[in-house]
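Notes follow once the structure below has been shown.
The values are calculated or read from the model by the stated rules, or taken from the named source; none is laboratory data. Because the structure is predicted, anything quoted here is derived from the model rather than measured. Here the Cβ positions follow ideal geometry from the backbone for every residue, glycine too, while neighbour counts run over all protein chains shown. Please note that ligands, DNA and RNA were not included when accessible areas were found on the heavy atoms of the full protein model with its side chains. Shrake-Rupley method; radii C 1.70, N 1.55, O 1.52, S 1.80 Å.
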Amino acid sequence: GFAASRKYTVIIDTSLRALTGDQLAVPDTFSFTTRPFEILNTSPIDGEYFVSRSRYIWVYASGYLDTATVRVAFSLRDSAGASVQGYLSLSSPSRAFYFYPSVYLDSSRQYTIGISSALRSLHGDQLAAPYNATFRTGPY
């Protein structure tokens, strides 16, 4: 794949030939820029309410993850700022990972998913910006 946040230029010269043997009349050039390495989605989504207290967390990124950086970059915190303990499920290569809390989350409490810029892609790209998403558990 292509590295994140990079501009690439493609140059097609007149030596290009069609299957019929016809040659390209004039050279062509175009450029594109790849998207930054970022978190595209989480589940629960940012702002979600009535999330199950036994719910796992799912995180999806725009590039394949350097799984060694996930443990350092990921956190789940309650509204008092206390870290929620649990375990991560990682596979490589993958753009996603799961976090399973060790215990049921407290009822009717806000939690914040945090992912620091320590997260890196397999290409070595650093997360473009730290990511945070909050959700609230249901009363049961």
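When the accessible area of the stretch 14-75 is split by element with a 1.4 Å probe, what percent falls to carbon and sulfur?
On the way: 2160 of 3960 Å².
Of all accessible area on the stretch 14-75, carbon and sulfur atoms account for 54 percent.
Restricting the trypsin sites (Lys or Arg not before Pro) of the stretch 87-126 to loop positions (DSSP other than H, G, I, E, B) with no more than 16 neighbouring Cβ atoms within 10 Å leaves Arg95, Arg109. Computed over the chain, relative contact order equals 26 percent, with contacts defined as Cα pairs under 8 Å that lie 6+ residues apart.
The H on the amide N of Arg35, modeled in the peptide plane, is under 5 Å from the matching H of Ser5, each at least 5 residues off or on a different chain.
Relative to the Cα centre, the charge distribution of the stretch 43-103, modelled as +1 at Lys and Arg Cβ and -1 at Asp and Glu Cβ, gives a dipole magnitude of about 120 debye. Ligands, DNA and RNA are left out, and with a 1.4 angstrom probe the accessible area of the chain is 61 Å² per residue.
Loop-resident trypsin sites (Lys or Arg not before Pro) (DSSP state other than H, G, I, E or B) in the stretch 1-84 with no more than 14 further Cβ atoms inside 10 Å of their Cβ: Arg6.
Summarising the strand pairing of the chain, around 95 percent of its internal DSSP beta bridges are antiparallel.
When all protein chains stay in place and ligands, DNA and RNA are ignored, the 1.4 Å accessible-area order of Ser92, Ser52, largest first, is Ser92, Ser52.
In this structure the amide hydrogen of Arg109, modeled in the peptide plane, comes within under 5 Å of the amide hydrogens of Thr137, none closer than 5 places in sequence on its chain.
Rounded, prolate or oblate: pick one for the stretch 36-130, where a ≥ b ≥ c are the square roots of the eigenvalues of its C-alpha gyration tensor, a/c under 1.5 means rounded, and failing that, prolate if a/b is larger than b/c, else oblate.
Taking the square roots of the gyration eigenvalues as a ≥ b ≥ c, the stretch 36-130 is prolate.
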